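Q: Quick one: the structure is below, and I'll ask about it shortly.
Here, each number is a calculation from the coordinates, and none is a lab measurement. None of the values given here were measured: they were computed from a predicted structure. We place every Cβ from the backbone using ideal geometry, glycine too, and count neighbours over all the protein chains shown.
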Amino acid sequence: MESRRNMLVGIVVAIVTVAAAVYATGLSGLLLSPFGSSAEYKSSESSTAPELAAGDWINSEPLSLKGLRGRVVLIEFWTFGCYNCRNTLPYVQSWHERFGEKGLAVIGVHSPEFDEERIADNLRREVASLGIRYPVLTDNDYRTWNAYGVEAWPTIFLLDRQGRIRWKHVGEGAYDETERQIQKLLAEE
């Protein structure tokens, strides 16, 4: 009986310890929102987005955010081995096709998770096989990832026509909400 009680006390202590660690590290927010999180910024609260770092470009000549001023820009941080990124891809492709002529520029920033994803030829092959037609920038050294403070794949940022971050979504989901934000930013002068 005594050993049973000691085991029960040990289990309770372990659960409390894990719960405290999850809370202290900020993981509770991620665990409690499995479909991601979104944030909208008013133009008065947002700052100019960091410029894209140098890397290899696929489907495009090198682009700069300064050169894209006047357009709404969607930046998606992704990697081709990420299942969640592949689930998001049809939505990103659809926005590129439907809103590109209306002033939306889509840029995929490929920040690799695994060594084989760092190889430019592997990325080119995947971009072609996935049917991606918008520009993709390699971010093998995570300079763009770090400049934006990204912590997970996929992460989507929307920039207004002045180059300010106005929307962020981490993870899958919120596709209708993201599309509403795209339309809202396209409608702004």
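Q: Once the Cβ-Cβ distance between ASP115 and GLU179 is put in as r, and R0 is 41 Å, what FRET efficiency do you end up with, to the nearest 0.05?
A: 0.75
Q: What distance in nm lies between label points placed 7 Å from Cα along the C-beta direction at TYR83 and GLU97?
A: Label-label distance for TYR83 and GLU97, simple model: 2.6 nm.
Q: How would you rank 176-182, 139-145, highest first, on the average number of other Cβ atoms within 10 Å across their residues?
A: Sorting 176-182, 139-145 by mean packing, highest first, produces 139-145, 176-182.
Q: Gain in length, ASN140 to ALA187, computed as 0.36 nm per residue apart minus the alpha-carbon separation, to one decimal in nm?
A: Roughly 13.5 nm would be gained on extension.
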